[in-house]
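For reference, the structure is listed below as structure tokens.
Readers should treat all values here as calculations from the given coordinates under stated rules, not as data from a laboratory. Owing to the predicted nature of the structure, the values given are computational and were not obtained by experimental measurement. All Cβ positions, glycine included, derive from the backbone under ideal geometry; neighbour counts span all protein chains shown.
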Amino acid sequence: MPYLVHAADDRKQMLDTVGVGSVDDLLIDIPPSIRSRELDLPDGLSEGETMRLIRGLAGRNRVFEDRFWFRGGGVYRRFIPAAVSAVTSKPEFYTAYTPYQPEASQGTLQAIFEFQTLIAELTGMDVANASLYDGATALAEAAMMAVVETGRQQVVVAGHLHPEYLEVLRCYSDGRGFEIRAGLDDVGADTAAVLFQQPNFLGLLEDAAGLTELAHRNGALSVAAVDPISLGLIAPPGEYDADIAVGEGQQLGLAPSFGGPHLGFIACRRDLMRRLPGRLVGSTVDGSNRRGFVLTLTAREQHIRRAKATSNICTNHSLCALAASVYLTYMGPEGLRHIADVSYQRAHALAEQLTAVPGIELAFPDREFLNEFPLRMFHVEQSLASMREAGILGGLPVGRWYPDLDGVMVFCCTEVNDPDSIRTLVEVLSQSARAVTVPPVASRFPEGLPR
Amino acid sequence: MAERYYTETHEWVTVQDSLATIGITEYAQAQLGDVVFLELPRVGKLLEAGDSFGVIESVKAASDLYSPVAGTVAEVNESLNATPELVNRDPYGEGWLIKVNLNGDLGQALLDEAGYRALTEGQSH
């Protein structure tokens, strides 16, 4: 739709109504010295010129081929079936802004209901909401649920949680006045929840059942942040008795897209249902006994509970949730297991081959992983550069978040990393390892000794 | 039967041997409509008179519940979990909400039957 500015007549009429002579007269309270005169903008461009300019800018991005991405860290390259965009690009879904009126939006409401059902089944929990913004906010919302439910003011983070999730959690805890602790020794009578990520930020598997038991023994809730694809292979949170399951749904049919929009999901036990944040769609029957879908349990939400609501979320990521629903439906339980298994196999093959290269070893040789794993590398910057030269995006160096893991890089494999790309990566790093020169050691002779 | 007292926020309380039983009034249940959920405190929670001790949710609204008395929560009506409609059906009987071990005497601010009737007649429409 073109943007129509006010014509001179419109402006004059408005000024006359207000009773001033010009737009400048409306601004007399602002000292002239800080008023901008003219906006220094170039002339408009034609469509063709604009495209050329934008393509030129986009061309400056370094874009790696999908199969040469070996970096995860919360956002992943996965194969997205064409069915996903075929459904999500339907204008009925694509152009509508979160329409929740049951009399006008049965299609949207049913799609959300299906999403909730899929997430509940995937996580093994009783009930899931209509979606949240991303994995980080979903985890923070779960922490708030636990604080409100238990009346306790402290949550304990176990293991290596995604550092950005931790930042978001801190942001929420500042506002809501609860405390974040990082040691399992701190789990006690004041703990509202034990939060953990499975697999964790480094790709390692946590003792989810043990952490859940620890939480329950102390009257706290167990909150699991899970990788949805991993649930094709490993036990879902419902099976080890977690109280709340959350996660990032980007892998379910959404492109990385510079980090968003992505998809948060949250699911819980039935008796925590009224603490759930955000929208919930329920199935019901209308006056003629036909099945229909409506928002339900809305009295939880901020527009009714006001300051006492658990959460201020009154919307959802509907289109992203729809993509996830199409993806999960298209894959089915077998497809999901297959994807998770292929990713597992390739990551383990890569780990085995890379650790055969001199100077590369598993950072945690005793820990199990799925498709993402931390390696201690001979030279992080140099190996990243040699991979980049070969068109490969290497693993994620994690030293900037964990000083004790300086020199550790987390590699990731999914089904898009074909055997050929894995071979190339191993070759590049083998050559790079051979080429590494030992840096000269500075002379430490006492003065007077050297000749 | 012990005498029933009322609050301006539409709770009622009866006391027997320093154990107070608390609920919401007939007027309140009628105004709320069908009750679908109650959030009630844990046994052992310490309440001051006027403290919010829970939330009652109906198809129309969610409202806070305020304690008419000071004391410790001794019992919570668990049957309301499965059948919250008891509050509508029998607000002064089976629909009671909590029992509280009184901490001292009843406050002076409570209304008697006549006082509460005058209040609700003023509010009816």
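A few notes on this one:
- Calculated mean residue ellipticity, 222 nm, chain A: -11500 deg cm²/dmol, from DSSP H runs (n ≥ 4) at -39500 (n - 2.57) each, averaged per residue and rounded to 500.
- A:S89, A:S283 arranged by Cβ crowding within 10 Å, fewest neighbours leading: A:S89, A:S283
- With the charge dipole of the protein assembly as shown set up from +1 on Lys and Arg Cβ and -1 on Asp and Glu Cβ about the Cα centre, the Cα lying farthest toward the positive end among the listed residues A:Q116, A:F265, A:Q431 is that of A:Q431.
- A viscosity of 1.567 mPa s and a temperature of 4 °C, combined with the Kirkwood radius over C-alpha pairs in the Stokes-Einstein formula, give the stretch B:4-106 a diffusion coefficient of 98 µm²/s.
- Each residue of the stretch A:284-289 is assigned a 3J(HN,Hα), and the resulting list reads 8, 10, 8, x, 9, 6 Hz, derived from the Karplus form 6.51 cos²θ - 1.76 cosθ + 1.60 (θ = phi - 60°), x at Gly and Pro.
- Here the protein assembly as shown is assigned +1 on the Cβ of each Lys and Arg and -1 on the Cβ of each Asp and Glu. Its dipole about the Cα centre then comes out at about 1560 debye.
- Spin-label model distance (nm) - B:E26 vs B:E94, 7 Å beyond Cα toward Cβ: 1.8 nm
- Applied to the stretch A:91-96, the Karplus parametrisation 6.51 cos²θ - 1.76 cosθ + 1.60 on θ = phi - 60° returns per-residue 3J(HN,Hα) values of x, 4, 8, 6, 9, 8 Hz, with x for Gly and Pro.
- Estimated at 0.36 nm per residue, the fully extended path between A:D43 and A:F93 surpasses their Cα-Cα distance by 14.4 nm.
- Rg/Rh, computed from the Cα trace of the stretch A:295-451 with Rh as the Kirkwood radius, has the value 1.21.
- For the peptides A:122-132, A:145-155, B:29-39, the ranking by mean Cβ contacts within 10 Å, running from highest to lowest, is A:122-132, A:145-155, B:29-39.
- Of the residues B:L110, B:T83, B:V73, the one whose Cα sits farthest toward the positive end of the charge dipole of the stretch B:35-125, with +1 on the Cβ of Lys and Arg and -1 on the Cβ of Asp and Glu, is B:T83.
- Ranking A:G203, A:S283, A:A58 by Cα position along the charge dipole of the protein assembly as shown, where only Lys, Arg, Asp and Glu carry charges on their C-beta atoms, puts A:A58 farthest toward the positive end.
- Hz values of 3J(HN,Hα) by residue in the stretch A:115-125 - Karplus curve (6.51, -1.76, 1.60), Gly and Pro given as x: 4, 4, 5, 4, 5, 4, 5, 5, 8, x, 9
- Calculated FRET value between B:E8 and A:A189, using beta carbons and R₀ = 60 Å, to 0.05: 0.95
- Listed by chain and number, the aspartates and glutamates whose C-alpha is less than 12 Å from the C-alpha of B:K45, apart from same-chain residues fewer than 8 away, are B:E75.
- Here the ratio of the Cα radius of gyration of the stretch A:152-241 to 2.2 N^0.38 Å is 1.05.
- As a rough guide to protection, the peptides A:133-141, A:289-297 ranked by mean Cβ packing within 10 Å, highest first, stand as A:133-141, A:289-297.
- Scaled radius of gyration (Cα, divided by 2.2 N^0.38 Å) that the protein assembly as shown gives: 1.25
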